[in-house]
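The values are calculated or read from the model by the stated rules, or taken from the named source; none is laboratory data. Every value quoted in this text rests on a predicted model; they were computed, and no experiment measured them. Don't worry about glycine lacking a Cβ; one is built from the backbone with ideal geometry, like all the others, and counts go over all protein chains shown.
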Amino acid sequence: MKQDVLIAGAGPTGLVLALWLTAQGVKVRIIDKNAGPGPTSRAMVVHARTLELYRQLDLADAVLEAGHRNPSVSLWAKGKVKARISFSPTGGKMTPYPFVLVYPQDHHERLLEARLAALGVKVERQTELVEFEHDAAGVSARLQLPDGGSDVCTAHYLAGCDGARSPVRHGLEVDFAGGTYDQTFYVADVEVSGATANGEAHISLETGDFVALLAYAEGRGRLIGLVREKREDADALTFADVSHRAIESLRLTVDKVNWFSTYRVHHRVADRFGRGRVFLLGDAAHVHSPVGGQGMNTGIGDAINLAWKLAAVLKGQAPDRLLASYEGERIAFARQLVETTDRLFTFVTAEGSVADFLRVHVAPALTGVAYRVGGVREFLFRILSQTQLNYRGGPLSRSARGRVQGGDRLPWLGINGLDNYASLAAIAWQVHVYGEAHNDIRAWCAAKHMPLHVFPWGEQQAAAGLARDAAYLLRPDSYVAVVADRAMPEALEAYFAEQGIRLSAPA
C-alpha cells in the first residue's frame, strides 16, 4: 500500500511531523534504526513557542506537567551572582509560558511516541532506510528490517528527520556547508546539593572555565561545560577528568553522576531543505551550537511548518508549489540561528587573557545593566523563546495594518479571562477580528465555512500592535497570512486565489 508520507527518523522532529500529519488525516509510516527512544537526556529545553504550538494537539499541558519550569537564570562570575534574569515579568505579557521548561529529550520522545501510538501509528524500530529513488510520481525506498530482511516502501513524499548524518540528505546529494569547532564539550546528568541546587538555571564563568546548570527537578540537573585542554582521548574522559573550577564557584556539590559524555559541536546548514518529493528537517537540515537550547525546538518548528502544507497538497486543496514555501520560510531562520549561536559560542569559548577578562568581568556587568531596560528584556526573551520568529516577506505572507504583519506570530492576549490562542488548537485556516467584525467579513467567512473569532478591543490589543476591526487571516500553523481592512474580504479572496489554495466545506 502506498503511504502518503514516509518519515525516516523518530526523534522529536520526526515524531512531531507524524503527529501533526496523522491529526490531519494523512497516512504516515515512521521508521527509526534504533531499538527505542534515546536512553539519555540530550536536548533539554522546550521553549515557549513550541509549547504554544503544542496546544494544537493538546500536548502542552502534558509536557508542562512532566517538565520543570526554570523561571530565571543567574549569571555567576568568580563565585558571585552578577545578574539574575527573571523571565516571568516580561514574558508573562507575551506568552502563556514565560519560563524555560527543562524536559529531558528521552522523556520527551517517549511522550510523543505514546501519543502517536494512541492515534494508531507505531514507530517501526530497528528499521533503516538503505536507499531511495524519487520522481514526479513519488518515492520508492528500500528498508532494512529488524530481522535482516528488506522491504520496499512506496510513498508520495519522504521526510528526512534522520539526524546530522542523514542518509536522506546524502541520497539527495545536498551539500551541508559549515564546519566543526575545535573545542570539546561535556554533558553530565547529575544529582546535586548546595545553595544553587534550587531548581533554577545557573551559568558560571571562571578564568579558563565555564559551566551551565539546567535543573529538571529539585536536586537534579544537566551540567554543560567545556573541556579546555585539546585532548586526543576526549571520548575516554570521565567527569573526574574535567575542570570543576566553575562548578565549585556555584557552591555546588555533585553527589552523583548518572550519565556523562563528551561531544564536538558542529555548525552547518544544508544548501537545500529538499528536492522534489523529499524534504529535510531538524538536524538533517541544520546543526548548530547548543547555546540557548534552540536545536530541538527549531526541528519541531520545521515539522509543524511542513505538516499542514503536505496535508493540503495531499488532499488536493493546494498545488505542489505550496511545498516550496517550506524551504523559503525555514532556511533563512536556520542560517540566522547558526550565525547567532556561532557568535555566542565563539565568545564563550575564546581563549586568552583579554577574552577571559571580557567574559568574566565585562559581559556579566553589561548583562545586568542591559536587562534592567524593558526593551532589552523583551528582545532577549523573544529571541530565546522563539516567539520572535516570523515569515515576513516570505512566499505566503501579505499586507500589514498596525505593527502586526503577514508572516508574524499572532500576539497572545491573556488577561481578564481572555485567551485568543484557544481557537488556535484547530489545525485550520481561521479569521480573527479585534473590535467589531464588518458585515462583509462575516458574510465571506460564512460563505467559505471559515471560522471567525471576534475579540473585544482594548488597551492590551493596541499595545500588542493589532489594528482595530482589521481581519487577520491565520494559517493552519497559527501564523498570520494576511491582514485585511475591516470591509475588504476581497483581500482574503485574492490571497487564496494567488496561492491556489481551495477551502473545503466541513464534512
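Could you tell me whether any residue of the stretch 74-83 is of a type outside the set (Val, Ile, Thr) and within 30 Å of Asp419 (Cα to Cα)? No: the stretch 74-83 contains no residue that is of a type outside the set (Val, Ile, Thr) and within 30 Å of Asp419 (Cα to Cα).
Selection within the stretch 201-219: residues that are without any contact (Cβ under 8 Å) to a residue 40 or more places away in the chain and surrounded by 19 or more Cβ atoms within 10 Å (Cβ to Cβ). The member of this set that is farthest from the chain's Cα centre (by Cα) is Asp209. Restricting the search to helices (runs of 4 or more DSSP H) fully inside the stretch 278-394 and requiring at least 1 residues that are crowded, with 22+ Cβ neighbours inside 10 Å, modelled with pLDDT of 95 or more and not assigned by TED's automatic domain parsing to the domain that holds Arg502 gives 295-314, 324-349. Answer yes or no: is there a residue in the stretch 19-42 that is among the small types (Gly, Ala, Ser), touching a residue at least 40 places away in the same chain (Cβ under 8 Å), surrounded by 22 or more Cβ atoms within 10 Å (Cβ to Cβ) and out of contact with any Pro (no Cβ under 6 Å at 6 or more places or on another chain). No, the stretch 19-42 has no match at all. Having 3 or more residues that are under 24 Å from Ile300 (Cα atoms) and touching a Phe, Trp or Tyr at 6+ places or on another chain (Cβ under 9 Å) is the bar; report the helices (runs of 4 or more DSSP H) wholly within the stretch 59-147 that clear it. Helices (runs of 4 or more DSSP H) meeting the threshold: 60-66.
If the condition is being buried (at least 19 other Cβ atoms within 10 Å of the Cβ), in a loop (DSSP other than H, G, I, E, B) and without any contact (Cβ under 8 Å) to a residue 60 or more places away in the chain, then the stretch 222-254 contributes only Val242. Look at the stretch 173-200: where a residue is within 22 Å of Arg42 (Cβ to Cβ) and among the small types (Gly, Ala, Ser) and a partner is assigned to a strand (DSSP E or B) and at pLDDT below 90, sitting 6+ places away or on another chain with Cβ atoms under 6 Å, you get Gly178/His267; Gly199/Ala215.
Within the stretch 4-24, work out how many residues are at positive phi and either over 19 Å from the mean Cα position of the chain (by Cα) or not assigned by TED's automatic domain parsing to the domain that holds Val139 (or both). Break it down into steps so the answer makes sense when it comes.
Applying the first criterion (at positive phi) to the stretch 4-24 yields 9.
Next, from what is left, pick out any that are either over 19 Å from the mean Cα position of the chain (by Cα) or not assigned by TED's automatic domain parsing to the domain that holds Val139 (or both): none.
So the count comes out to 0.
Taken over the stretch 475-507, the criterion of being aliphatic (A, V, I, L, M) and surrounded by fewer than 21 Cβ atoms within 10 Å (Cβ to Cβ) is satisfied by Ala487, Met488, Ala491, Ala494, Ala497, Ile501, Leu503, Ala505, Ala507. When you check Ala8 against the structure, is it among the hydrophobic types (A, V, I, L, M, F, W, C), within 30 Å of Tyr421 (Cα to Cα) and crowded, with 22+ Cβ neighbours inside 10 Å, yes or no? Judged against the criteria, Ala8 is not a match.
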